[in-house]
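Novice: Mind having a look at this structure? Questions to follow.
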Amino acid sequence: MIDLKPLQCVPLTEIHTVFLDSFSDYDIPIDLPFWKFRNMYERRGIDLDYSMGVFIDNKLSGFILNGIRMWEGKTTVYDSGTGVVPEHRRKGYTKAMFTKLLKIFQRDGIKQYLLEVLQSNTGAFELYKKSGFKVTRKFSCYQLSCESIRPALTQNEIQIENESILSADWDVLREMWDFNPSWQNSIDSVLAVPESFNFILNRKGNMIQGYAVIHRKTGDIPQIAVHPDHRGKGIGSCLISALPNYTEAKKLGFINVEKNIDSIQHFLVKIGFTEIASQYEMLLEIDKE
């Protein structure tokens, strides 16, 4: 017996188990113990009412986990993970879940559907294209071991402070951005789990010249920026040099750095970061029924 239904009655522990099984042969190894999975769940705003599972003989065997928020002024659903356990792939279950979800989105007035897909995952990319998704941006993902980070030459001259992320003035920080963060790196995502992040910054007088947000346990850096008027002074390098002091992780990682922003790409490579993956951001405009 095969059934498709939302996941609101399925324990999160069960979804986690099926998630790990579904991504066991993913192009990038998935290190996702349950605490990380729950953190991802909260950070990305996953709503099980808008998520779908395929149940085979009453056993969860595939899923689409979706978050829902306002995105660029429109009610948007974000695909935070789509997977089917290996033994049940290539049977059309992903397409069936997507089709059923789309009807729910149309019914509830959802305006758009957002996702990211590895450029190397050509099968999924082609499926999304055929379903009407269009590429909106291209992203790079970077990684660097903490022990490889060199002290910044200006480290003694630039003071780095640590403050509560809840005190951040986002109107000021937005002025430093070269691109809008992806869903999982957005302000909403960071503030969904504020206790998970350290917020470090360089301030001159009352003016913030640069800042970074880093996950206390994983080393993920959802945001880093230096004000355009204060670049070239070593502030970015000092922020990177300081980050290992604010995380338990042995590696630092950037997920979804926009590819056409040369300034940040060149900066990360110069510091020593290595590109580990490339992704497409894709968007589907949802029509009414």
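The values are calculated or read from the model by the stated rules, or taken from the named source; none is laboratory data. Source: prediction; values computed, not measured. In this analysis, Cβ positions are derived from the backbone assuming ideal geometry, glycine residues included, and neighbour counts consider all displayed protein chains.
Novice: Regarding the range 101-109, can at least one residue be identified that is touching a residue at least 12 places away in the same chain (Cβ under 8 Å), over 25 Å from residue 218 (Cα atoms), part of a strand (DSSP E or B) and outside the structural domain of residue 270 (by TED's automatic domain parsing)?
Specialist: no
Novice: Which residues, taken from the range 20-33, are charged (D, E, K, R) and either at pLDDT 95 or above or in a helix (DSSP H, G or I) (or both)? Step through it out loud before you land on a result.
Specialist: At the first step, the residues of the range 20-33 found to be charged (D, E, K, R) are 21, 25, 27, 31.
Once the filter is applied, which keeps residues that are charged (D, E, K, R) and either at pLDDT 95 or above or in a helix (DSSP H, G or I) (or both), the range 20-33 yields only 21.
Novice: Might you let me know whether the range 136-155 holds any residue that is of a type in the set (D, E, K, R), more than 19 Å from residue 267 (Cα to Cα) and not assigned by TED's automatic domain parsing to the domain that holds residue 233?
Specialist: We begin by selecting, within the range 136-155, every residue of a type in the set (D, E, K, R); these are 137-138, 147, 150.
When the remaining residues are screened for being more than 19 Å from residue 267 (Cα to Cα), the result is 137.
Then keep just the ones that are not assigned by TED's automatic domain parsing to the domain that holds residue 233; that gives 137.
Yes, the range 136-155 contains a residue that is of a type in the set (D, E, K, R), more than 19 Å from residue 267 (Cα to Cα) and not assigned by TED's automatic domain parsing to the domain that holds residue 233.
Novice: A further question on this structure: Go over the candidates 93, 78 one by one and state the one that is aromatic (Phe, Trp, Tyr) and under 18 Å from residue 4 (Cβ atoms). First the steps, then the outcome.
Specialist: Numbers: 78 fails: under 18 Å from residue 4 (Cβ atoms).
Exactly one of 93, 78 is aromatic (Phe, Trp, Tyr) and under 18 Å from residue 4 (Cβ atoms), namely 93.
Novice: If we scan the range 176-197, do we find a residue that is under 19 Å from residue 149 (Cα atoms), over 18 Å from the mean Cα position of the chain (by Cα) and either of a type in the set (S, T, N, Q) or not in a helix (DSSP H, G or I) (or both)? I'd like the intermediate steps shown before the answer.
Specialist: Filtering the range 176-197 for residues under 19 Å from residue 149 (Cα atoms) gives none.
No, every residue in the range 176-197 fails to be under 19 Å from residue 149 (Cα atoms), over 18 Å from the mean Cα position of the chain (by Cα) and either of a type in the set (S, T, N, Q) or not in a helix (DSSP H, G or I) (or both).
Novice: If you scan the range 1-52, which residues turn out to be in contact (Cβ under 8 Å) with a residue 40 or more places away in the chain and either among the hydroxyl-bearing types (Ser, Thr, Tyr) or touching a Pro at 6+ places or on another chain (Cβ under 8 Å) (or both)?
Specialist: Correct list: 21, 22, 24, 25, 48, 49, 50, 51, 52.
Novice: Quick check on my filter: what residues within the range 7-19 are part of a helix (DSSP H, G or I) and either in contact with a helix residue (DSSP H, G or I) (Cβ under 7 Å, 6 or more places away or on another chain) or surrounded by fewer than 18 Cβ atoms within 10 Å (Cβ to Cβ) (or both)? I'd like the intermediate steps shown before the answer.
Specialist: Let us first name the residues in the range 7-19 that are part of a helix (DSSP H, G or I), namely 12-19.
Passing the criteria: 12, 13, 14, 16, 17, 19.
Novice: Just need a number here: residues in the range 99-123 that are buried (at least 19 other Cβ atoms within 10 Å of the Cβ) and modelled with pLDDT under 95.
Specialist: Residues in the range 99-123 being buried (at least 19 other Cβ atoms within 10 Å of the Cβ) and modelled with pLDDT under 95: 0 in total.
Novice: Take the residues in the range 20-46 that are surrounded by 15 or more Cβ atoms within 10 Å (Cβ to Cβ) and among the polar types (S, T, N, Q); name whichever of them is farthest from residue 190 (Cα to Cα).
Specialist: Taking the candidates together, the pick is 22.
Novice: Anything in the range 96-149 that is basic (Lys, Arg) and over 18 Å from the mean Cα position of the chain (by Cα)? List them, or say none. Spell out the reasoning first.
Specialist: Our first condition is that a residue be basic (Lys, Arg); within the range 96-149, this holds for 100, 103, 107, 111, 129-130, 134, 137-138.
Hits for the range 96-149 are 100, 103, 107, 111, 129, 130, 134.
Novice: If you go through the range 154-197, how many residues are among the aliphatic types (A, V, I, L, M), surrounded by fewer than 13 Cβ atoms within 10 Å (Cβ to Cβ) and under 27 Å from residue 37 (Cβ atoms)? Spell out how you get there, then give the answer.
Specialist: The first filter runs over the range 154-197 and keeps only residues among the aliphatic types (A, V, I, L, M), leaving 158, 160, 165-166, 168, 172-173, 176, 187, 190-193.
Adding the requirement that they be surrounded by fewer than 13 Cβ atoms within 10 Å (Cβ to Cβ) leaves 166, 172.
Remaining after also requiring under 27 Å from residue 37 (Cβ atoms): 166.
Residues meeting the conditions: 1.
Let's see how each residue does on (1) at pLDDT 95 or above; (2) closer than 16 Å to residue 247 by Cβ:
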{"residue": "126", "(1), (2)": "no, no"}
{"residue": "134", "(1), (2)": "yes, no"}
{"residue": "137", "(1), (2)": "yes, no"}
{"residue": "143", "(1), (2)": "yes, yes"}
{"residue": "146", "(1), (2)": "yes, yes"}
{"residue": "152", "(1), (2)": "no, no"}
{"residue": "155", "(1), (2)": "no, no"}
{"residue": "158", "(1), (2)": "no, no"}
